[in-house]
Amino acid sequence: MSPGDKIGVDLAGAVDGSTLSITESPDPKKANLVLTFKQEKGMMLFTIQNRTKYWLAYEAGIKTPRRDGLYKTSVMPVGPGLSSFESWPYPIDQLALKNFTFSEKLKGKPASK
């Protein structure tokens, strides 16, 4: 994705942590995932809206003006029916997303007492 992009996509596949297939939706209003990447007040802002009933995990890489290639960046899983916002305080030329997976529950360490 490049700054200014807003894309609707549809994801399909098993809810078992395996990689999902992804296709661009002709109508973002009906897509099960809406991705927006923009520059706002000197920050780069990525929004991912998950319209599915599953937890969504993915990986992301960024390309900045002063470095060659894509560099992995941390992102948070997105809950069912929720949106997530990621931001960076420096310019980003490109945001690449991959390895989208669904799960019934949020995976990770159990909460400590």
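If a residue has to be surrounded by fewer than 15 Cβ atoms within 10 Å (Cβ to Cβ), among the charged types (D, E, K, R) and within 19 Å of residue 38 (Cβ to Cβ) to count, how many in segment 52-108 make the cut?
1
Need the failing condition index for residue 31 against (1) surrounded by fewer than 16 Cβ atoms within 10 Å (Cβ to Cβ); (2) at negative phi, just the number.
Result: residue 31 fails condition (1) only.
Determine whether segment 53-66 contains at least one residue that is in a loop (DSSP other than H, G, I, E, B), more than 19 Å from residue 12 (Cα to Cα) and in contact (Cβ under 8 Å) with a residue 24 or more places away in the chain. Can you show your working first?
The first filter runs over segment 53-66 and keeps only residues in a loop (DSSP other than H, G, I, E, B), leaving 53-54, 64-66.
The next check asks that each one be more than 19 Å from residue 12 (Cα to Cα); those that pass are 64-66.
From what is left, the residues that are in contact (Cβ under 8 Å) with a residue 24 or more places away in the chain are 64-65.
Scanning segment 53-66, I find at least one residue that is in a loop (DSSP other than H, G, I, E, B), more than 19 Å from residue 12 (Cα to Cα) and in contact (Cβ under 8 Å) with a residue 24 or more places away in the chain, so the answer is yes.
Tell me, please, whether a residue that is at negative phi and without any contact (Cβ under 8 Å) to a residue 40 or more places away in the chain can be found in segment 86-105.
no
Considering only segment 36-52, state which residues are outside any loop (DSSP other than H, G, I, E, B) and either under 16 Å from residue 9 (Cβ atoms) or touching a residue at least 24 places away in the same chain (Cβ under 8 Å) (or both).
The answer is 36, 37, 38, 39, 43, 44, 45, 46, 47, 48, 49, 50.
None of the figures in this text is laboratory data; all of them are computed from the coordinates on show. Predicted model, so just to flag it, every value in this text is computed and none were measured. Because the Cβ atoms are built from the backbone with ideal geometry, glycine has one as well, and the counts that use them run over all protein chains shown.
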